[in-house]
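Engineer: Quick one: structure below, then a few questions.
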């Protein structure tokens with residue numbers, strides 16, 4: 001029990017809360033903002049590709065064994081992140097973390113429920129959920145304090161000894177379980193899903209630098225085509241990763257689309273506003289961590305209320321309202337970043353996190369309600385996959401919009417793309433806001449009179465790009481809100497009256513009984 005709770009909380013806490021350390025990582029490794037985004041995307045991509053097979057691997061090879069593999073691998077990947085001498089090995093370590101989370105996260109719930117009897121399973125699941133909530137809620141502030149007081153490397157290095165302790169606990173107390181006749185792995189579907197998501201992520205990320213030329217078009221088209229092929233392959237697979245035929249149900253399709261869109265906007269909101277808070281507003285990591293903490297307060301407070309209202313038939317209104325509030329929050333945030341108002345960000349982060357609670361809970365519940373009882377596990381995997389795909393595509397697509405607008409705005413402010421800088425120097429301008437060595441060298445090479453204008457242009461261009469990206473995501477949420485209402489609202493079917501020949505009378509009368517009675521003397525009563 002303790003090993004499952006601690007491991008799951010630790011894994012999910014390090015998934016996206018590392019965004020508070022991105023400015024420090026960018027400064028130390030002297031890389032562009034687009035490159036440092038892969039510290040987040042590198043963990044999300046394998047998680048989205050492989051999370052569906054984690055539970056099945058446990059069924060095939062043993063849940064205890066695969067749990068030990070995932071915790072050991074997570075500790076080694078974390079050590080690689082903490083000791084990485086450059087950005088490439090750091091991203092490789094993050095990919096390893098995402099892979100181990102995909103294997104270990106589904107097994108924690110299975111191990112907890114297997115360790116308790118029927119009367120205690122509810123309590124055990126509640127403890128597991130509370131542990132994950134506590135870890136994800138406290139992680140941003142704790143990680144921010146670590147970054148400010150020590151180094152970002154200490155976000156990863158302590159994980160290795162903790163994982164070693166968890167391995168000893170699981171080896172001693174966890175019981176091995178497996179499914180005797182577990183379904184085989186759909187390797188073809190797994191390869192198609194991973195390849196399609198990778199091409200979409202890389203194409204979206206590079207679109208900001210390449211523009212929409214043949215390279216971007218080729219990658220994005222190939223990614224979409226591969227995912228379409230994945231859908232056809234899953235329909236024919238004997239043991240599919242995803243039951244795509246369940247998307248024929250309106251409620252399932254609407255919930256999946258709403259979950260993916262909300263996660264798309266949420267990951268971009270948290271990651272790029274962290275960079276804005278530290279690089280433009282010049283807040284320290286601890287103050288930036290308080291912003292992430294504000295966004296995490298809403299879900300624990302309002303998820304139960306959202307579930308209670310969903311049980312009373314208000315799922316469609318809750319989802320539409322949550323998406324609408326999130327869209328309005330993004331619009332106000334876009335207005336606030338142009339005015340450099342840091343105080344305004346705290347209530348906006350809280351409002352966005354609260355709006356997310358009223359989207360995630362009703363959407364997931366609507367999917368489970370619409371699914372047949374025998375397919376609830378499959379549908380739960382579908383909702384989890386929708387959120388992970390939304391995260392991967394969301395962070396890369398938001399980066400593409402931000403970078404494309406930032407570069408064009410920066411060139412316009414500097415009187416054209418060839419006014420001062422070459423292509424390599426324009427890449428180096430990304431490091432001005434993070435105070436990297438490349439950015440400092442570029443700034444020192446300019447005449448003293450041009451330096452303030454260049455710094456101001458870099459700052460204004462980033463703010464304009466962030467504002468545009470937030471507005472684009474707000475428009476996406478508004479469109480999905482309309483679509484979600486159409487798909488999630490209950491349909492009132494018109495009941496046609498049955499045809500006369502289809503009516504079945506409860507009493508069949510003989511024709512003779514319908515004739516009027518013959519005359520009888522008064523002394524004899526009629527026989528009806």
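The values are calculated or read from the model by the stated rules, or taken from the named source; none is laboratory data. Quick caveat, the model's predicted, so the values are computed rather than measured. As a convention, Cβ positions derive from the backbone with ideal geometry for all residues, glycine included, and neighbour counts pool all protein chains shown.
Engineer: Kindly establish whether residue 219 is modelled with pLDDT under 85 and not assigned by TED's automatic domain parsing to the domain that holds residue 43. Lay out the reasoning, then the answer.
Structural biologist: Numbers: modelled with pLDDT under 85: no; not assigned by TED's automatic domain parsing to the domain that holds residue 43: yes.
No: the conditions fail for residue 219.
Engineer: What's the number of the condition residue 339 fails, among (1) free of Cβ contacts under 8 Å to residues at least 60 places away in the same chain; (2) surrounded by fewer than 22 Cβ atoms within 10 Å (Cβ to Cβ); (3) closer than 17 Å to residue 252 by Cα?
Structural biologist: (3)
Engineer: Here is a further query. Do we find a residue being surrounded by 23 or more Cβ atoms within 10 Å (Cβ to Cβ), closer than 23 Å to residue 384 by Cβ and either touching a strand residue (DSSP E or B) at 6+ places or on another chain (Cβ under 6 Å) or modelled with pLDDT under 90 (or both) anywhere in segment 139-162?
Structural biologist: The answer is yes; a qualifying residue exists.
Engineer: Any residue in segment 287-310 that is in the same structural domain as residue 273 (by TED's automatic domain parsing) and crowded, with 20+ Cβ neighbours inside 10 Å sitting within a Cβ distance under 9 Å of a residue that is modelled with pLDDT under 80 and outside any helix (DSSP H, G or I)? List the pairs, counting only those 6 or more apart or interchain.
Structural biologist: From residues that are in the same structural domain as residue 273 (by TED's automatic domain parsing) and crowded, with 20+ Cβ neighbours inside 10 Å, the pairs are 291/342.
Engineer: Now for a separate question. For the condition surrounded by 17 or more Cβ atoms within 10 Å (Cβ to Cβ), modelled with pLDDT of 85 or more and under 28 Å from the mean Cα position of the chain (by Cα), what is the one hit in 196, 208? It would help to see each step written out before you state the result.
Structural biologist: Working: 208 fails: modelled with pLDDT of 85 or more.
Selected residue: 196, the only one of 196, 208 that is surrounded by 17 or more Cβ atoms within 10 Å (Cβ to Cβ), modelled with pLDDT of 85 or more and under 28 Å from the mean Cα position of the chain (by Cα).
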